[in-house]
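Notes follow once the structure below has been shown.
Please treat every number below as a calculation from the coordinates, not as lab data. Model, not experiment: these values are computed from the prediction. Reconstructed Cβ throughout: ideal geometry from the backbone, glycine too, with neighbour counts over all protein chains shown.
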Amino acid sequence: MRKFGYEKPSKLEQALTLLRDSPGAAVLGGGTTVIDLLKLNVVAPETLVDITELAELRASDVGGDTLRFGALERMSDVADNETVKSEAPVLAQSLWKAASPQLRHAARIGGNVLQRTRCPYFRDTTYACNKREPGSGCAALDGGTTTLHAVLGGSDKCVAMYPGDWAQALIAFDGTATAVSADGKRKIKIAELHVLPGDTPHVETTLKPGEILTGFEVAKSPALKASHYLKARDRESYAFAAASAAVGLEMDGDTVKDARIALGGVAAVPWRAEKAEDDLKGKTFSEDAARRAGSIAFEDARPLGGSAYKIELGASVVAGALMKAHELAQKG
């Protein structure tokens, strides 16, 4: 058994000081990721800094033109918020479908966004994994099973899939994150938070050492109100996505005024399908248009043998989500 320290600060400033002074520390929020990986010996922090008592990170405001959420909000609380369900259904649905009821009550939205890959070779230390141990190799690329892996955004060093759900909804609607360290506060576009694997798959986000996510913001819009999250998975209850889509539409009569599409379960990072969005804008919406957008979203896919099914499945998921969003947009 590896020993590690445990700290539970009551103030944000105390947490930031602990992280600054302890380079080997890890943040503990809901614990549904870091505790799991600690048990598997995938991570070995010298100290766990438990931030669950930091009230500053639980404050949210959904009454204005911008939805604001504290990073320590429970997934269940955000998913069940009536304003969120009405004004931003994709945000509620992506959290509702992300986990079992037990996990939704424990896990925090910040942790869902920062959730690490479920690649079996990352989580099993007997296998080579460049994400876990840089330079060791990639068991998936070396002939391993690849049914769970990315078809978009992978590299010749790593094809692990990003497993979260909420980030797709945020990135589709230009969401931002707020972060703070001992050096001060800053905003980060969700589109710039996660990092493609490239040659350094162990670098997963643009967060700086000692920095904590404090919250998220997303502006209300007609497309957000007419939004939908569709998730295909092996079973209807708690399971990670084989392919998912967070979409929204704003219509001007029969013409698409605005379209938002982000993909989950198929990419190395939360993935915005901008070419598919552009193909819809300014054109008459139809089922054929939705299916064409789904196909365009996967034009750049580079599957391995086991992951090739994700292309057809993902395109169908995009089309299905768009059809539902169109139905919502027509209702106003």
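Observations, loosely collected:
- Over the stretch 102-155, equivalent-ellipsoid semi-axes from the Cα gyration tensor in Å: 25, 13, 11
- Under 5 Å between amide hydrogens, built in the peptide plane, is the criterion, and for Gly215 it picks out Ala71, Thr178 among residues at least 5 positions away or on other chains.
- For the stretch 162-238, applying the loop criterion from DSSP together with a ceiling of 14 other beta carbons within 10 Å to the GluC sites (Glu not before Pro) yields Glu236.
- Among 27-39, 100-112, the peptide with the highest mean count of other Cβ atoms within 10 Å heads the list, and the full ranking is 100-112, 27-39.
- Where N is the number of residues in the chain, Cα Rg divided by 2.2 N^0.38 Å: 0.98
- Gain in span if fully extended, Thr206 to Asn41, counting 0.36 nm per residue against the direct Cα distance: 57.0 nm
- Normalised by 2.2 N^0.38 Å, where N is the number of residues, the alpha-carbon radius of gyration of the stretch 218-332 equals 1.02.
- Within the stretch 31-71, backbone nitrogen closer than 16 Å to the virtual label 7 Å beyond the Cα of Gln102 toward Cβ: 31-33, 35-36
- The string of couplings for the stretch 47-53 from the Karplus curve (6.51, -1.76, 1.60, θ = phi - 60°) is 9, 9, 9, 7, 9, 5, 8 Hz, one whole number per residue in order, with x for Gly and Pro.
- According to the Kirkwood relation over distinct C-alpha pairs, the hydrodynamic radius of the stretch 52-155 is 16.1 Å.
- Along the axis of the charge dipole computed for the chain (Cβ charges of +1 for Lys and Arg, -1 for Asp and Glu, origin at the Cα centre), the listed residues Ala301, Gly30, Pro209 are led at the positive end by Gly30.
- Set against the 2.2 N^0.38 Å expectation for a compact globular protein, the stretch 5-53 has a Cα radius of gyration ratio of 1.08.
- Estimated distance in nm for a label pair at Ser181 and Arg233, the labels positioned 7 Å out from Cα along Cα-to-Cβ: 3.4 nm
- Inter-probe distance in nm under a simple model that places probes 7 Å from Cα toward Cβ, at Thr125 and Asp142: 1.8 nm
- For the stretch 260-332, with +1 on Lys and Arg beta carbons and -1 on Asp and Glu, the positive-most of Gly264, Ile311, Phe285 along the dipole: Gly264
- Sequence-separation-based contact order of the chain, relative, with Cα cut under 8 Å and 6+ spacing, percent: 17 percent
- Along the axis of the charge dipole computed for the stretch 94-166 (Cβ charges of +1 for Lys and Arg, -1 for Asp and Glu, origin at the Cα centre), the listed residues Cys158, Asn130, Val113 are led at the positive end by Val113.
- Value at 222 nm in deg cm²/dmol, rounded to 500, when DSSP H runs of n ≥ 4 in the chain each add -39,500 (n - 2.57): -8000 deg cm²/dmol
- Under the simplified labelling scheme, the Thr52-Asp174 pair shows an inter-label distance of 3.7 nm, with each label point 7 Å from Cα along Cα→Cβ.
- Net charge dipole, the stretch 5-53: roughly 60 debye, given to the nearest 20, about the Cα centre with Cβ charges of +1 for Lys and Arg and -1 for Asp and Glu.
- Computed E for Gln14/Arg302 - FRET, C-beta separation, R0 41 angstrom, nearest 0.05: 0.35
- Those lysines that a straight Cα-Cα span of less than 19 Å connects to Lys189, excepting residues fewer than 8 apart in one chain: Lys208, Lys220
- Charge dipole (Cα centre; +1 on Lys/Arg Cβ, -1 on Asp/Glu Cβ; no other charges) of the stretch 222-331 amounts to roughly 300 debye.
- The dipole here belongs to the chain: it is taken about the Cα centre, uses +1 on the Cβ of Lys and Arg and -1 on the Cβ of Asp and Glu, and is about 500 debye.
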